[in-house]
1. Could you tell me which residue of region 136-180 is surrounded by the most Cβ atoms within 10 Å (Cβ to Cβ), considering only residues that are part of a strand (DSSP E or B) and touching a residue at least 60 places away in the same chain (Cβ under 8 Å)?
2. Can you go through 45, 113 and tell me which one is within 32 Å of the chain's Cα centre (by Cα) and modelled with pLDDT of 95 or more?
3. Among the listed residues 151, 137, 166, which satisfies the condition of being at pLDDT 95 or above and under 30 Å from residue 46 (Cβ atoms)?
4. If I ask for residues that are touching a residue at least 60 places away in the same chain (Cβ under 8 Å) and within 25 Å of residue 98 (Cβ to Cβ), which ones from region 26-74 would you list?
5. Restricting the search to region 78-89, which residues are surrounded by fewer than 16 Cβ atoms within 10 Å (Cβ to Cβ) and either closer than 19 Å to residue 146 by Cα or over 27 Å from the mean Cα position of the chain (by Cα) (or both)?
6. For residue 209, indicate whether it is closer than 15 Å to residue 142 by Cβ and at pLDDT below 85.
7. Working carefully through the options 91, 130, 108, find the one that is closer than 19 Å to residue 218 by Cα and touching a residue at least 24 places away in the same chain (Cβ under 8 Å).
């Protein structure tokens, strides 16, 4: 919504009036000012695939349990490192006691450890995930916008948002009969970049259990990203 403020006053030059000139000068900064908003948007592909796998087990001996979990994780890490373009991150690892039916005595321990895989190469990561599901379980499959893609889209949207703001500023200036305008301030805000978009891992889990597991097809989709330009212009008369 635009706001047009214009003020006029008859000034009587006196000692008291001269004393108030600094305040009047400050008020003049808001003369013929209009608040405007313009937006630019585009569809951006979710081009990063994120898979979280985990191993979980229990044992009465916590040391043996930890060794078992570590061995399983190390094997998975070694296998994943052989695939180019896949980034590996170890997620959370937690261990907690198991109590008897009366909840008084510890009868064993349960431990869970996660492995996070990220890649822009969907087929390669899908194939690797299917292979790792022979020893690990899937927690989630997510899709996000890669950092490089996000920066490129922000740069393009910034130019579009500035152009849209200038067009709207000129339209408002013409409507008010101004000779031109100057930008007082301009701020940009971006929204629409998603948190990782979770997909069910059921399809891939079933594929991995088959005798000859095919590489599952995945479709990450897109997100509509918007950049808004909010600012104030001063119409010149």
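The values are calculated or read from the model by the stated rules, or taken from the named source; none is laboratory data. The structure displayed is predicted, hence computed values, not measured ones. Virtual Cβ from ideal backbone geometry, glycine too; neighbours counted across all protein chains shown.
1. Looking only at region 136-180, we keep the residues that are part of a strand (DSSP E or B), and these are 137-144, 180.
Filter again for touching a residue at least 60 places away in the same chain (Cβ under 8 Å), leaving 137-144.
On the way: 137: 14, 138: 19, 139: 17, 140: 16, 141: 26, 142: 20, 143: 22, 144: 20.
Selected residue: 141.
2. One residue alone meets the criteria, 113.
3. Details: 151 fails: at pLDDT 95 or above; 166 fails: under 30 Å from residue 46 (Cβ atoms).
When all the criteria are applied, what remains is 137.
4. 52, 53, 54, 55, 56, 72
5. Answer for region 78-89, where residues must be surrounded by fewer than 16 Cβ atoms within 10 Å (Cβ to Cβ) and either closer than 19 Å to residue 146 by Cα or over 27 Å from the mean Cα position of the chain (by Cα) (or both): 78, 79, 82, 84, 85, 87, 88, 89.
6. no
7. Answer to the check: 130.
Each row is one residue, and each column tells you yes or no for (1) outside the structural domain of residue 67 (by TED's automatic domain parsing); (2) loosely packed, with under 14 Cβ neighbours inside 10 Å; (3) assigned to a helix (DSSP H, G or I); (4) on the phi > 0 side of the Ramachandran plot.
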{"site": "94", "(1), (2), (3), (4)": "no, yes, no, no"}
{"site": "98", "(1), (2), (3), (4)": "no, yes, no, no"}
{"site": "110", "(1), (2), (3), (4)": "no, no, no, no"}
{"site": "115", "(1), (2), (3), (4)": "no, no, no, no"}
{"site": "118", "(1), (2), (3), (4)": "no, no, no, no"}
{"site": "123", "(1), (2), (3), (4)": "no, yes, yes, no"}
{"site": "127", "(1), (2), (3), (4)": "no, no, yes, no"}
{"site": "131", "(1), (2), (3), (4)": "no, no, yes, no"}
{"site": "134", "(1), (2), (3), (4)": "no, yes, no, no"}
